[in-house]
Amino acid sequence: MSAPLIHTQVDRRDGDDVWFHFTLSQLPDSPWKLHFCLPRQIDASSVEGGTLERQSGSYKVLVPQDGGSELRFCCRSTPIKRNSDLPQGFFLSLGDTGSGPQLLPVTLASQALGLPPLPATAPELPEVEAANGIVPQPAHLRLPEGNFRLAERAHVSGPLPLGPLLAHFNELTGLALSQDHDAEIHLVEAPLAPEAYQLSISPREVVIQAAGEAGWRHGLVSLAQWALQHGESLPCLELRDEPRFGFRGIFLDCSRHFHSIATIKRLLKQMSLFKFNRFHWHLTDDEGWRLEIKAFPQLTEVAAWRGHGLAVAPQLSGGPDPYGGYYTQSEVRELVAYATGLGITIIPEIDIPGHCHAAIKALPALLREEADSSRYLSVQFFDDNVLNPALPGTYEFLDKVMEEVCALFPGEQIHMGGDEVPHGVWTDSPACRQLMQQEGYQDCRELQGHVLRHCQQYLAARGKKMLGWEEILHGDKVSRDATVFAWTSFQAGLDAASQGYPVVMAPAQQLYLDQAYNHDYQEPGLYWAGPVSLEQVYACDPAPIDFHANDNILGVLSPLWSEQIISRDRLDYMLFPRLLATAEVAWSAPAHKSWEHFVARLPGQLQILSQLQVRYRVPQR
Ligand code: ACM
């Protein structure tokens, strides 16, 4: 039998009410149900030609009426403007055919977004002459006359064993520098700030001055970028440099789609080339739990996998087969050590109390209150994804998870999420009602503060600091030791800094790398806060000159959420070249930044990315 086919099209729009029309053919004789993923909510009352049997997150099941082959439905008040928004991961489940339920893949024969063509997009970059340079732009740079010949096997001298630093340099450049007293490259100790360095390339030698390892690493990275652009004959260079911010981060969501340790190591290496020093590792979310926790093997046996018939249904790119993965504790230790060698601290994120669908599915006896009849829907359409702050099981779960996380990650900072707890949660939970009465709480949001305060105190007792998204301030219970990650707006970050919280700026409108680059329907990516062009990332100034609480702004983070990161190529495409713009936002003082100059340096940097096999997005000229 040939595989069933489906044609999907949007055939009506009424503002942001969007009507889909599915036509199926080559259908089996036995009764069937259609399963697929679409990151929108279907209005159940709108379905024609069948009924909506189930939806959870992006997962949908439609049952046809009388075996018909046409289905229509409406998603209300939600824009659908990209090919990457369209339904995917189709399959049929057949009624019991005698040998148990059967699954059939469905071939997507065509899809139509039902939008008129857009006018051609304008060039994204100004016309400027290319010039080799360093990204992020150093504080002071001079190009004296002359060249230095960098031999493939040049020697380096320094005051400490340089093995790890040189291994990093060699891995980036493909050269084979080694430590020796009789050297032409010298790492020299100098009374500079911890991350500052001075790099001097003269015809006879290269000298990197710094107070210690961090500065020498930055100097070697600048030298590596210069060598990757110029080959063995390096133009002479004098530079003095130090970062604007101490927190320079990239975030990767490993829940929505799973990314292998090899992919993360590759990203860490790329980050190191642009002087990032924090990797924010989003390890848990509704669509999958990714961290081995010895106390709860169910979290990885159950919650790390999604698919047909599993506790976590197919999601996002969908399909019936089990999809997922997780990181063992020994892999985590190895990754932490690898990152440390590159000067990068890993910040793990365990996202609570929202975004816990997968964890709750794995540990229902601990995390669910049977009598809770609260009704809510999360932004990603889960109606069962929030921990209950009034259950003893919640604290048993959190304490054991935090204990293992603290032991695995030597860094001081642990991120506990806190974002997007949906409206309506906890309102009809008897346990929550009792807790509110006992504590004198007036507002359900105080329950969010209650549970996050517990986490903050638990972590503090182990010498750790809690970080969280800006909603950790809801309910006003966490102390000002907590670092706030501003994401809904730039203003949210300024407000938190004004209140005295340390702040990391990650405003979606400027720094979210999951947002599409432009309005083109073909451009993959989300766009609720965007699009976010290379130029918009570059224009971000995390600490405006006239803002009174700039001392509280620690730095910046560019998040890559993974709903649409279905491959390493897509990962590269969304990250690069925007990651270079974030690097300069994080490192270079406003006086040393210039969009035109960044664009001039871009071709040399793209050539480096090509050498590193990065499948970056080519800016439109
Ligand atoms: C977020 O984007 N929900 C932090």
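Overview of results
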item	result
Over the chain: helical MRE at 222 nm, DSSP H runs n ≥ 4 each giving -39500 (n - 2.57), nearest 500	-8000 deg cm²/dmol
LYS265, LYS464 arranged by Cβ crowding within 10 Å, fewest neighbours leading	LYS265, LYS464
Potential extension, ASP66-LEU377 segment - 0.36 nm per residue separation minus Cα distance	108.8 nm
P(r) weight above 14 Å for the range 551-593, C-alpha pairs, percent	57
Relative contact order of the chain, defined on C-alpha pairs under 8 angstrom at six or more residues apart (%)	14
Fewest-first sequence of VAL556, VAL379, VAL188 by Cβ atoms within 10 Å of each Cβ	VAL379, VAL188, VAL556
Amide N proximity, the range 1-43 versus HIS519 label position 7 Å along Cα-to-Cβ, cut-off under 20 Å	13-18
Kirkwood Rh and Cα Rg combined as Rg over Rh, evaluated for the range 355-501	0.95
Cβ-based net charge around PHE490, under 15 Å, with every Lys or Arg adding one and every Asp or Glu removing one	-4
Proximal lysine pairs, the chain, alpha carbons under 29 Å, eight or more residues apart or interchain	29
FRET efficiency, 1/(1 + (r/R0)^6) with R0 56 Å, evaluated for HIS155 and PHE547 via beta carbons	0.75
Where the Cα pairs of the range 478-572 fall when distances are cut into 10 Å bins, in %	17, 43, 26, 13, 1
Cα Rg over Rh - the chain, Kirkwood	1.00
Length added when fully stretched, ALA407-GLN491, from 0.36 nm per residue minus Cα-Cα	26.7 nm
Nearest-0.05 FRET efficiency for HIS181 and THR121, computed from C-beta distance (R0 45 Å)	0.20
Dimensionless Rg/Rh of the range 458-529 - Kirkwood Rh, Rg from C-alpha atoms	1.12
Scattering curve values for the range 37-132, log₁₀ I(q)/I(0), Debye with Cα scatterers, q = 0.15, 0.24, 0.25 Å⁻¹	-0.75, -1.49, -1.55
Cut-off 19 Å (backbone N to label point 7 Å along Cα→Cβ of GLN9), residues of the range 52-77	69-75
Gyration tensor (Cα) of the range 140-249, equivalent ellipsoid semi-axes in angstrom	20, 17, 14
Cβ-derived FRET efficiency at R0 30 Å, ALA460 paired with LYS400, nearest 0.05	0.95
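Each reported figure results from applying straightforward, stated rules to the coordinates on display, with no laboratory input. Treat the numbers as computed from the prediction; the structure is a model and nothing was measured. So basically every Cβ, Gly included, is an ideal-geometry build from the backbone, and we count neighbours across all protein chains shown.
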